1. Only one of (1) over 29 Å from T13 (Cα atoms); (2) modelled with pLDDT of 90 or more; (3) of a type in the set (A, V, I, L, M) fails for V139. Which number is that?
2. Criterion first (within 19 Å of the chain's Cα centre (by Cα) and modelled with pLDDT of 95 or more) does A236 satisfy it?
3. Can you run down the residue pairs with Cβ atoms below 7 Å, 6 or more apart or on separate chains, where the first is in region 213-231 and over 21 Å from E252 (Cα atoms) and the partner is of a type in the set (D, E, K, R) and in a loop (DSSP other than H, G, I, E, B)?
4. Quick check on this structure: which one of A317, A260, A266 is away from ligand 1 (no atom under 16 Å from the Cβ), more than 21 Å from V194 (Cβ to Cβ) and either aliphatic (A, V, I, L, M) or over 24 Å from the mean Cα position of the chain (by Cα) (or both)?
5. Residue pairs, Cβ under 6 Å, 6 or more apart or interchain, first in region 276-301 and over 18 Å from A315 (Cβ atoms), second of a type in the set (S, T, N, Q) and loosely packed, with under 13 Cβ neighbours inside 10 Å. List them.
6. So for region 278-299 (the condition being surrounded by 15 or more Cβ atoms within 10 Å (Cβ to Cβ), of a type in the set (A, V, I, L, M) and closer than 30 Å to D167 by Cβ), does at least one residue qualify?
7. Quickly run through region 135-176 and pick out the residues that are closer than 23 Å to A250 by Cβ, within 16 Å of ligand 2 (Cβ to nearest atom) and outside any helix (DSSP H, G or I).
8. Testing D89 on (1) of a type in the set (D, E); (2) at pLDDT 90 or above; (3) within 13 Å of ligand 2 (Cβ to nearest atom), one condition comes back false. Which one is that?
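The values are calculated or read from the model by the stated rules, or taken from the named source; none is laboratory data. From a predicted model like this one, the values you see are computed outputs, not experimental measurements. We place every Cβ from the backbone using ideal geometry, glycine too, and count neighbours over all the protein chains shown.
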Amino acid sequence: VADEVEQIIDGCTGGDRRALARAITLVESSRPDHRRDADRLVQTLLPRTGRSTRVGVSGPPGAGKSTFIEALGTQLADGGRSVAVLAVDPSSVRSGGSILGDKTRMAALARNPRAFIRPSPSAGALGGVARRTREAMLVCEAAGFEVVIVETVGVGQSEVEVDDMVDTFVLLLAPGAGDELQGVKRGIVELADVVVVTKADGELLPAARRAAADYRQALHLLRPKHPGWVPPVLLASALDNDGVAEVWAAVEDHRRMLDAGGRLGARRAQQATSWFWHEVNDRLLTELRADPRVSELAGELEGDVAHGSISPGAAAARLLEARSTGD
Ligand SMILES: Nc1nc2c(ncn2[C@@H]2O[C@H](COP(=O)(O)OP(=O)(O)OP(=O)(O)O)[C@@H](O)[C@H]2O)c(=O)[nH]1
Ligand SMILES: [Mg+2]
């Protein structure tokens with residue numbers, strides 16, 4: 001008799017949406033027994049992964065990411081491709097049982113039979129969102145999705161994590177965002193493979209053109225992320241469905257550039273290696289925190305460190321020495 005994990009695996013690979021949703025719920029869980037099941041699930045699905053185009057879409061709050069992804073996803077789906085969207089929204093809360101979070105609407109795309117949309121819960125376990133999203137991405141690939149899009153709000157580390165799991169990183173910026181945003185933007189502009197100035201319609205069009213010229217100038221001064229690839233700066237209006245196909249063409253160009261030099265394989269290999277060390281890191285910390293001897297001593301040492309009676313380094317050494325050995 002197939003156990004639950006095997007049923008989920010069979011369902012996923014057979015294209016069953018409910019099984020896919022259950023698989024993602026499993027990889028999102030932090031319960032130790034779920035974690036073991038999730039490890040088995042992802043390991044079993046691994047040979048079926050790697051065939052999709054992995055795209056990250058990031059940008060400041062309100063830049064128009066969801067609206068753009070809905071327009072792009074709909075175009076791709078109408079063109080016969082299957083699209084999975086994983087929305088990592090640090091501010092969204094998972095409403096029990098509901099498919100779509102509050103901020104992740106994409107109503108039209110959600111109804112499209114070739115699309116699958118999944119908001120990621122914020123539940124901020126250490127390194128949690130990135131691991132869950134990576135595994136969710138692999139599960140979607142194994143389920144046969146040809147394009148996987150990861151949406152994230154670019155406000156801090158999240159876009160670096162997303163860049164570390166996708167092939168092509170698309171940065172969306174709204175026109176006329178003030179100078180105060182420049183600092184935030186510079187960090188993420190450096191990660192961008194394709195830059196899109198959104199909302200290039202109506203009254204915003206002139207400001208969008210100016211912004212695009214500014215970004216072209218700025219990108220010129222940056223050291224290229226990939227030698228030989230200058231990130232194009234494009235204008236798009238998701239509202240008018242204008243420029244969306246051009247953005248996709250740029251994503252495909254970028255992907256071809258990576259493919260041609262064997263750089264895609266190298267990039268993905270490097271991403272997997274760095275993910276491995278993140279996993280080691282997270283799991284060691286989880287184990288450490290679960291160790292009764294360690295947790296007993298931890299509070300005490302924290303106090304001593306705060307009072308300055310022991311150095312943080314010496315305290316860390318002592319904490320690690322207290323670990324229970326063997327199992
Ligand atoms: N004029 C115009 N407005 C747009 C366009 N795309 C999005 N908007 C508006 O911009 C606002 C934000 O759009 P969203 O797609 O929710 O932006 P987002 O980047 O996903 O927002 P967060 O996920 O909250 O960070 C909404 O009021 C949209 O209607 C566009 O192409 N043209
Ligand atoms: Mg959004």
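1. Every listed condition holds for V139 apart from (1).
2. Answer is no for this residue.
3. Taking only residues 6 or more apart or on different chains, the pairs are L222/E190.
4. Values: A260 fails: more than 21 Å from V194 (Cβ to Cβ); A266 fails: more than 21 Å from V194 (Cβ to Cβ).
The unique qualifying residue is A317.
5. Between residues of region 276-301 that are over 18 Å from A315 (Cβ atoms) and residues that are of a type in the set (S, T, N, Q) and loosely packed, with under 13 Cβ neighbours inside 10 Å, there is no close pair.
6. No; the residues of region 278-299 include none that is surrounded by 15 or more Cβ atoms within 10 Å (Cβ to Cβ), of a type in the set (A, V, I, L, M) and closer than 30 Å to D167 by Cβ.
7. I149, V150, E151, T152, V153, G154, V170, L171, L172, L173, A174
8. Going through the list (1) of a type in the set (D, E); (2) at pLDDT 90 or above; (3) within 13 Å of ligand 2 (Cβ to nearest atom), D89 breaks only (2).
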